[in-house]
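For reference, the structure discussed in these notes is given below.
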Amino acid sequence: MAKENLVKIAQLSCGSEYSGIQKEIETAAAMVDAEIIFPEITIDDVKAVEERFGLQVASPDLKLMMARAQALVDGKTNADAVLIATCFRCAEAALVRNEMRRYIHENSKFPVISYSFTERTTAGTLLTRLEALTTTARRRSLLAREHQEGLTAGIDSGSTTTKAVIMQDDKVVGTGWVPTVKVMESATEALNNAMKEAGITRDAIQALGVTGYGRFLIGDEFKADLIQEEITVNSKGAVYLAGHQKGQATVIDIGGMDNKAISVQDGIPGMFTMGGICAGASGRFLEMTSKRLGVDITELGALAIKGMQEHVEMNSYCIVFGIQSLVNSLAKGSVPEDVAAAACYSVVEQVFEQQLQEVEVKEPLIMVGGSSLIEGVPKAMHDLLKIDVTVPPHSQYIGAVGAALLASGFINK
Amino acid sequence: MVKVFIYPSNSLILSDLVDRFGHEPLAMMQEIGKKIRTAGLDSPPINITPEDPKLGLKYAAVEVPAGVRGRMSLLGPLLEEAEAGIIVREPDISFGCMGCARTNELINFLVRAKKVPLLEMDYPKTEDEAKAFVHKIREFLDGLSGAQSGKGDE
């Protein structure tokens, strides 16, 4: 990555120095040209914070964390963004983490992310999150772009599929969608397909943006103008395609390997979470279900719409045991429609339970990514949240569209 | 000389009192000190490696947060060595602070479960209480000389 302006990330944490991951946090920060800082406070600030904030906790490090948050909001610290991190499985820390996040979000302009870590958390796991955080802090002018101009391309090199689009004057004029096998070859094939559909050659493309897991590799090879993580790009792409670039929105992308839930304001990500611990909450679960039902993944949604998830007993969210529950149901005589509906509901319920609790869901709710085309998925989300769910056109190309849109900001550079 | 586990485990005052009255304090500082002086490791707070919380599995199960197990990887071996203990209940942050309430609960329990001579007392809030506090600690430490039975309490 090219060297960029240093971003100061204020770390509010409990337990990171005793979990062996402080170095991982600092390494990930250095990779995105950021520096971790700790807001200065006094011992009196720590003693006073419970009464001032109104949340009493037993752990002194959590009090320290609250006092540091207070110092940030009071403008006593020179920082650009905030990282809140606490131990995974600590209930007290989870309460403080969520309330601190909300408090900072409502009382300051700092972009903020939170994360619960284990000793297995690596710099790689944190990289995408910190990349999104620093992008929001340093590239507000780029993110303010609302129109695609000229002829640009976007490639989304995902874990399961690679998508490419060609855009011209605010319209998608070519698309390519291939399974990800070898990252470079798949990206080339997807881009070629998109160019063929658009009737153009490579030299006509004025700017290229890339995103997804393979973004660094293909970005280097294709000499991309923009190499950007999925949180920023998908937020931008979602509100652009949904025609809702101003105001609040929530974007949910259930991907092949991980899920993103992003609270967006004027197209810029605010609070967001990335799930990635359990495959049972991913598009992979739906893929396996469709294989077991003997239908193509594109047919699973239509089946699910006709089914009733309540007719199938799901004993586990796990990708192994959950599939076993579905198989047992089929053996007991359940119809494929009900099983398809139960699979969609299971995935959505996990996203709801594990991720949406940390993101304030604000309407409109925009679902994107390939899984949003499985009709049972947005329906299950609507059933759970009792709000309308928007699936914009070209939602499966969301990352590529967002990348092409943002890349048009580089045309004259 | 008796090895005395102290709580809060990073209290400089308690550590100093144990040392002054002729015993060996078992304190967090000495463990952190070893890590700092070990060649090849970074400076604090990066000196705890991702392997340390795994060592803490000896004292707390995997569903216990990593920060607790990381602390236990330092404190657990000290607890095993302890021949006596002093626990100060509800200390002021400036007296010594372990940071994590769950770790505090676990180590206090483990010291009590060890059935070694133990002095438990509240943190003093007035000057008179402070004098009595120091006196009680001295009395306890004086009585330790070789004795391995009996439990002191406030």
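The values are calculated or read from the model by the stated rules, or taken from the named source; none is laboratory data. Nothing here was measured: the structure is a model prediction, and the numbers come from that model. Backbone-built Cβ (ideal geometry, glycine too); neighbour counts: all protein chains shown.
Among the conditions (1) surrounded by fewer than 18 Cβ atoms within 10 Å (Cβ to Cβ); (2) of a type outside the set (F, W, Y); (3) not in a loop (DSSP other than H, G, I, E, B), B:V88 misses just one, which is (1). Among residues of the stretch B:109-123 that are closer than 16 Å to B:F140 by Cα, those with a Cβ under 8 angstrom from a residue that is surrounded by fewer than 20 Cβ atoms within 10 Å (Cβ to Cβ) and of a type in the set (S, T, Y), sequence gap 6+ or separate chain, pair up as B:P117/B:S149.
In the stretch A:216-232 there is at least one residue matching the filter, namely being in contact with a strand residue (DSSP E or B) (Cβ under 6 Å, 6 or more places away or on another chain) and part of a strand (DSSP E or B). When we screen A:G158, A:G176, A:G154 for residues that are small (G, A, S) and free of Cβ contacts under 8 Å to residues at least 40 places away in the same chain, the only hit is A:G176.
Scanning the stretch B:92-115 for residues being surrounded by fewer than 21 Cβ atoms within 10 Å (Cβ to Cβ) and in a loop (DSSP other than H, G, I, E, B) gives a total of 3.
Somewhere in the stretch B:68-78, is a residue surrounded by 14 or more Cβ atoms within 10 Å (Cβ to Cβ), within 11 Å of another protein chain (Cβ to nearest Cβ), part of a loop (DSSP other than H, G, I, E, B) and more than 11 Å from the chain's Cα centre (by Cα)? Checked the stretch B:68-78: no residue is surrounded by 14 or more Cβ atoms within 10 Å (Cβ to Cβ), within 11 Å of another protein chain (Cβ to nearest Cβ), part of a loop (DSSP other than H, G, I, E, B) and more than 11 Å from the chain's Cα centre (by Cα). Out of all the residues in the stretch A:92-126, which are among the small types (G, A, S), under 14 Å from A:S13 (Cα atoms) and free of Cβ contacts under 8 Å to residues at least 60 places away in the same chain? Within the stretch A:92-126, A:A94, A:S116 meet the criteria.
If you go through the stretch A:95-116 one residue at a time, how many are within 14 Å of another protein chain (Cβ to nearest Cβ), in contact with a strand residue (DSSP E or B) (Cβ under 9 Å, 6 or more places away or on another chain) and at pLDDT 90 or above?
Total meeting the criteria: 2.
The rows are residues; the columns are (1) of a type in the set (A, V, I, L, M, F, W, C); (2) surrounded by fewer than 17 Cβ atoms within 10 Å (Cβ to Cβ); (3) over 24 Å from A:F272 (Cβ atoms).
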site	(1), (2), (3)
A:T135	no, no, no
A:P179	no, yes, yes
A:K196	no, yes, yes
A:V210	yes, no, no
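For the stretch A:365-390, the set of residues classified as aliphatic (A, V, I, L, M) and surrounded by 23 or more Cβ atoms within 10 Å (Cβ to Cβ) consists of A:I366, A:M367, A:V368, A:I374, A:V377, A:A380, A:M381, listed by residue number. Exactly one of these conditions fails for A:E40: (1) under 16 Å from A:G15 (Cα atoms); (2) charged (D, E, K, R); (3) over 27 Å from the mean Cα position of the chain (by Cα). Give me its number. So A:E40 meets the others, but not (1).
Taking (1) of a type in the set (D, E); (2) more than 14 Å from the chain's Cα centre (by Cα); (3) buried (at least 24 other Cβ atoms within 10 Å of the Cβ) in turn, A:E287 satisfies each apart from (3). Restricting the stretch A:1-26 to residues that are more than 10 Å from every other protein chain (Cβ to nearest Cβ) and of a type in the set (V, I, T), the residue that is surrounded by the fewest Cβ atoms within 10 Å (Cβ to Cβ) is A:V7. Any residue at all in the stretch A:344-360 that's of a type in the set (D, E, K, R) and in contact with a strand residue (DSSP E or B) (Cβ under 8 Å, 6 or more places away or on another chain)? Yes, the stretch A:344-360 contains a residue that is of a type in the set (D, E, K, R) and in contact with a strand residue (DSSP E or B) (Cβ under 8 Å, 6 or more places away or on another chain). Do any residues in the stretch A:45-59 that are over 18 Å from A:A94 (Cα atoms) and within 8 Å of another protein chain (Cβ to nearest Cβ) have Cβ atoms under 6 Å from those of residues that are charged (D, E, K, R) and in a helix (DSSP H, G or I), where the two are at least six apart or on different chains, and which pairs are they? Qualifying pairs under 6 Å: A:V46/A:K63.
For the residues A:A85, A:A79, A:A91, A:A67, the requirement of being at the interface with chain B (Cβ under 10 Å from one of its Cβ atoms) and more than 30 Å from A:N412 (Cα to Cα) singles out A:A91.
Of all residues in the stretch B:91-103, those satisfying the criterion of being on the phi < 0 side of the Ramachandran plot and within 8 Å of chain A (Cβ to nearest Cβ) are B:I93, B:S94, B:C97, B:M98, B:C100, B:A101, B:R102. For the stretch B:71-95, a residue qualifies if it is more than 16 Å from B:D52 (Cβ to Cβ) and among the polar types (S, T, N, Q), and exactly one does: B:S94. The residue that is farthest from the other protein chains (Cβ to nearest Cβ), counting only those in the stretch B:116-128 that are touching a Phe, Trp or Tyr at 6+ places or on another chain (Cβ under 7 Å) and part of a loop (DSSP other than H, G, I, E, B), is B:P124.
The criterion of at least 2 residues that are closer than 27 Å to B:T49 by Cα is met by the following helices (runs of 4 or more DSSP H) wholly inside the stretch A:6-108: A:22-31, A:60-73, A:91-107. Scoring A:Q148 on the criteria (1) surrounded by fewer than 20 Cβ atoms within 10 Å (Cβ to Cβ); (2) in contact (Cβ under 8 Å) with a residue 60 or more places away in the chain; (3) part of a loop (DSSP other than H, G, I, E, B) leaves a single failure, condition (1).
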